[in-house]
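Q: If you scroll down you'll find the structure; I have some questions about it.
The values are calculated or read from the model by the stated rules, or taken from the named source; none is laboratory data. Quick caveat: nothing in here was measured; it's all calculated off a predicted structure. Cβ placement follows ideal geometry from the backbone for every residue including glycine, while neighbour counts extend to all protein chains displayed.
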Amino acid sequence: MSATVVATAFGGPEVLSVIDADVPEPGPGEVVVDFRAIGVNPVDYKIYGGAFGTDAATLPQRLGSEGAGVVSAVGPDAVGPSGEISVGDEVIAFRGVGTYGARAVQPASSIIPKPAGLDWEQAGGLLLTAATAYDAMEVLGVAEGDVVLIHGAAGGVGLLAVQLARLRGATVIGTGREVNHDYLRSVGAVATTYGDGLADRVRALAPEGINAAFDTVGTDEAVDVSLELVADRGRIVTIAAFERAESEGFPAIGGSDPDSAARRDAARTELVRLAGEGKLVNVVAKTFPLAEVATAHTELQQSHGIGKFILIP
Ligand SMILES: NC(=O)c1ccc[n+]([C@@H]2O[C@H](COP(=O)([O-])OP(=O)(O)OC[C@H]3O[C@@H](n4cnc5c(N)ncnc54)[C@H](OP(=O)(O)O)[C@@H]3O)[C@@H](O)[C@H]2O)c1
């Protein structure tokens, strides 16, 4: 049995419960992971919030697609992207299923070895944001000499995007609340606030112009400023303003798109390596016991501290 989070209805965080669920033996191509730390992501509350449909047949619904823990059972033919998986391995599950639990069956295809130097909390919340940020850098073709505007630079995805763009040799202008500017500067961004006058502030910070923009926020302001400052619409990408992207003719990316999924999967081991070597830092904003998942989701939907929210089973 395992403490497991389920959404029993569609709605706000009040629909979440922690139940004692059976953990079956792993089948072919599956492993069981005893989770130590689980990443909390906005998509988790969007799912039971009904953003992707409200089919009652999917209830009760397990949540979570990433986490880090120790393998406690291995099914037949369970080989991961990095090779054989054994009981006792310290691993990261990314594109996992129902990771909000103390113990859960996961597809071996989602299992990546955790470097010894990466702590549980950073590892458990690393890959969804890092792989998304990486995908955006690829779509934008960010390279040495680019000047990139990142909207929402202090968010989970934004912080990883700042670091990945800097590793590629780009200059980064990142938007965030003033309280986050020191941290943004510490990871190599030029920080500015969002809100009225954003385009003028960015112009003043980058008099030679902006080559590319990454919108992690989805506001009209982020889209409008990107369109105003970046001449080539192929070098604007959003992960949140899907309707605007469609109507204005610039790319939007999502993990369910096969091309994005392939890019993200291909980058997993490299991103984990960089984090293990301390070249990518996944800041942890706050940890919550699994039983306080509803509080975590409530706080994540409000203005919150810099970095990731992590559940500890
Ligand atoms: N399509 C995909 O593949 C994909 C993948 C991952 C995430 N997402 C989506 O991307 C969004 C961000 O995810 P996340 O994990 O980075 O969330 P997060 O950690 O909650 O970060 C969001 C950040 O947005 C900033 N923000 C709030 N209002 C803003 C505004 N008006 N203008 C500019 N920045 C603002 C906040 O920073 P301050 O504290 O500085 O205000 C906050 O830290 C979510 O909607 C999520 O569902 C999409």
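Q: Quick one: ALA189 ticks every box in (1) under 30 Å from ASP119 (Cβ atoms); (2) touching a residue at least 60 places away in the same chain (Cβ under 8 Å); (3) touching a helix residue (DSSP H, G or I) at 6+ places or on another chain (Cβ under 9 Å) except a single one, so which number is it?
A: (2)
Q: Tell me yes or no: at least one residue of the range 293-310 is of a type in the set (Gly, Ala, Ser), surrounded by 15 or more Cβ atoms within 10 Å (Cβ to Cβ) and within 15 Å of the chain's Cα centre (by Cα).
A: Yes, the range 293-310 contains a residue that is of a type in the set (Gly, Ala, Ser), surrounded by 15 or more Cβ atoms within 10 Å (Cβ to Cβ) and within 15 Å of the chain's Cα centre (by Cα).
Q: Among the residues of the range 183-197, write down those that are surrounded by fewer than 21 Cβ atoms within 10 Å (Cβ to Cβ) and within 12 Å of the ligand (Cβ to nearest atom).
A: Hits for the range 183-197 are TYR183, THR193, TYR194, GLY195, ASP196.
Q: A further question follows. Scan the range 272-282 and tell me whether some residue there is within 12 Å of the ligand (Cβ to nearest atom) and not β-branched (Val, Ile, Thr). Lay out the reasoning, then the answer.
A: Initial filter on the range 272-282 (within 12 Å of the ligand (Cβ to nearest atom)): 282.
Add one more test, that the residue is not β-branched (Val, Ile, Thr), and what stays is 282.
Scanning the range 272-282, I find at least one residue that is within 12 Å of the ligand (Cβ to nearest atom) and not β-branched (Val, Ile, Thr), so the answer is yes.
Q: Exactly one of these conditions fails for GLN302: (1) within 15 Å of the ligand (Cβ to nearest atom); (2) closer than 27 Å to PRO113 by Cβ; (3) in a loop (DSSP other than H, G, I, E, B). Give me its number.
A: Failing condition for GLN302: (2).
Q: Now, a different point. Residues being surrounded by 12 or more Cβ atoms within 10 Å (Cβ to Cβ), closer than 15 Å to VAL148 by Cα and more than 20 Å from the chain's Cα centre (by Cα): count how many of those fall in the range 198-221. I'd like the intermediate steps shown before the answer.
A: First, the residues of the range 198-221 that are surrounded by 12 or more Cβ atoms within 10 Å (Cβ to Cβ): 198-199, 201-203, 205-206, 210-219, 221.
Filter once more, keeping what is closer than 15 Å to VAL148 by Cα: 198-199, 201-203, 205-206, 210-216.
So of that shortlist, the ones also more than 20 Å from the chain's Cα centre (by Cα) come out as 198-199, 201-203, 205-206, 210-212.
Within the range 198-221, residues that are surrounded by 12 or more Cβ atoms within 10 Å (Cβ to Cβ), closer than 15 Å to VAL148 by Cα and more than 20 Å from the chain's Cα centre (by Cα) number 10.
Q: Condition first: surrounded by 17 or more Cβ atoms within 10 Å (Cβ to Cβ) and either outside any helix (DSSP H, G or I) or not small (Gly, Ala, Ser) (or both). Now tell me which residues in the range 266-278 satisfy that. Quick ask: steps written out before the conclusion?
A: If we filter the range 266-278 for residues that are surrounded by 17 or more Cβ atoms within 10 Å (Cβ to Cβ), which is where we start, we get 267-268, 271-272, 274-276.
Scanning the range 266-278 gives ARG268, LEU271, VAL272, LEU274.
Q: Additional query: Does VAL179 count as within 12 Å of the ligand (Cβ to nearest atom), among the hydrophobic types (A, V, I, L, M, F, W, C), under 20 Å from the mean Cα position of the chain (by Cα) and surrounded by fewer than 24 Cβ atoms within 10 Å (Cβ to Cβ)? Let's see the steps before the verdict.
A: Details: within 12 Å of the ligand (Cβ to nearest atom): yes; among the hydrophobic types (A, V, I, L, M, F, W, C): yes; under 20 Å from the mean Cα position of the chain (by Cα): no; surrounded by fewer than 24 Cβ atoms within 10 Å (Cβ to Cβ): yes.
No: the conditions fail for VAL179.
Q: Additional query: Which one is nearest to GLY152 (Cα to Cα) among residues in the range 240-255 that are assigned to a loop (DSSP other than H, G, I, E, B) and near the ligand (Cβ under 8 Å from one of its atoms)?
A: In the first step, residues of the range 240-255 are kept if they are assigned to a loop (DSSP other than H, G, I, E, B); the result is 240-241, 249-251, 253-255.
Cutting the leftovers down to near the ligand (Cβ under 8 Å from one of its atoms) gives us 240, 253-255.
Working: ALA240: 11, ILE253: 16, GLY254: 17, GLY255: 19 Å.
Out of the qualifying residues, it is ALA240.
Q: Given ALA131, ALA102, which one is at pLDDT 95 or above and out of contact with any helix residue (DSSP H, G or I) (no Cβ under 6 Å at 6 or more places or on another chain)? Even if it seems obvious, please write down each step before you answer.
A: Numbers: ALA131 fails: out of contact with any helix residue (DSSP H, G or I) (no Cβ under 6 Å at 6 or more places or on another chain).
Step by step, each of ALA131, ALA102 is checked, and only ALA102 is at pLDDT 95 or above and out of contact with any helix residue (DSSP H, G or I) (no Cβ under 6 Å at 6 or more places or on another chain).
Q: Out of curiosity, is ILE150 within 16 Å of the ligand (Cβ to nearest atom) and buried (at least 24 other Cβ atoms within 10 Å of the Cβ)? Can you show your working first?
A: Details: within 16 Å of the ligand (Cβ to nearest atom): yes; buried (at least 24 other Cβ atoms within 10 Å of the Cβ): yes.
The answer is yes for ILE150.
Q: Now for a different question. Take the range 243-260 and flag every residue that is surrounded by 13 or more Cβ atoms within 10 Å (Cβ to Cβ) and modelled with pLDDT of 95 or more. Talk me through it step by step, then tell me what you get.
A: Of all residues in the range 243-260, those surrounded by 13 or more Cβ atoms within 10 Å (Cβ to Cβ) come to 244-245, 248, 250-255, 257, 260.
Answer for the range 243-260, where residues must be surrounded by 13 or more Cβ atoms within 10 Å (Cβ to Cβ) and modelled with pLDDT of 95 or more: ARG244, ALA245, GLU248, PHE250, PRO251, ALA252, ILE253, SER260.
Q: State which residue is surrounded by the most Cβ atoms within 10 Å (Cβ to Cβ) when the search covers only the range 224-239 and only residues that are within 22 Å of SER256 (Cα to Cα) and within 11 Å of the ligand (Cβ to nearest atom). Quick ask: steps written out before the conclusion?
A: Restricting attention to the range 224-239, the residues satisfying the condition of being within 22 Å of SER256 (Cα to Cα) are 234-239.
Restricting the remaining residues to those that are within 11 Å of the ligand (Cβ to nearest atom) gives 237-239.
Numbers: VAL237: 23, THR238: 26, ILE239: 24.
Among them, the one singled out is THR238.
Q: Now a separate question. Being touching a residue at least 60 places away in the same chain (Cβ under 8 Å), surrounded by fewer than 20 Cβ atoms within 10 Å (Cβ to Cβ) and part of a strand (DSSP E or B) is the filter here; which residues of the range 19-47 pass it?
A: Selection gives ALA21, ASP34.
Q: Out of all the residues in the range 258-265, is one or more of a type in the set (A, V, I, L, M, F, W, C), within 16 Å of the ligand (Cβ to nearest atom) and within 15 Å of the chain's Cα centre (by Cα)?
A: Just the residues of the range 258-265 that are of a type in the set (A, V, I, L, M, F, W, C), to begin with: 261-262.
Now narrow it down to the ones that are within 16 Å of the ligand (Cβ to nearest atom): 261-262.
Applying the additional criterion that residues be within 15 Å of the chain's Cα centre (by Cα) yields 261.
Within the range 258-265 (the criterion being of a type in the set (A, V, I, L, M, F, W, C), within 16 Å of the ligand (Cβ to nearest atom) and within 15 Å of the chain's Cα centre (by Cα)), the answer is yes, since at least one residue qualifies.
Residue-by-condition table, conditions (1) surrounded by fewer than 24 Cβ atoms within 10 Å (Cβ to Cβ); (2) at negative phi; (3) aromatic (Phe, Trp, Tyr):
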position: GLU84; (1), (2), (3): yes, yes, no
position: VAL87; (1), (2), (3): yes, yes, no
position: GLU90; (1), (2), (3): yes, yes, no
position: ARG103; (1), (2), (3): yes, yes, no
position: LEU127; (1), (2), (3): no, yes, no
position: ALA136; (1), (2), (3): no, yes, no
position: GLY141; (1), (2), (3): yes, no, no
position: ALA154; (1), (2), (3): no, yes, no
position: GLN163; (1), (2), (3): yes, yes, no
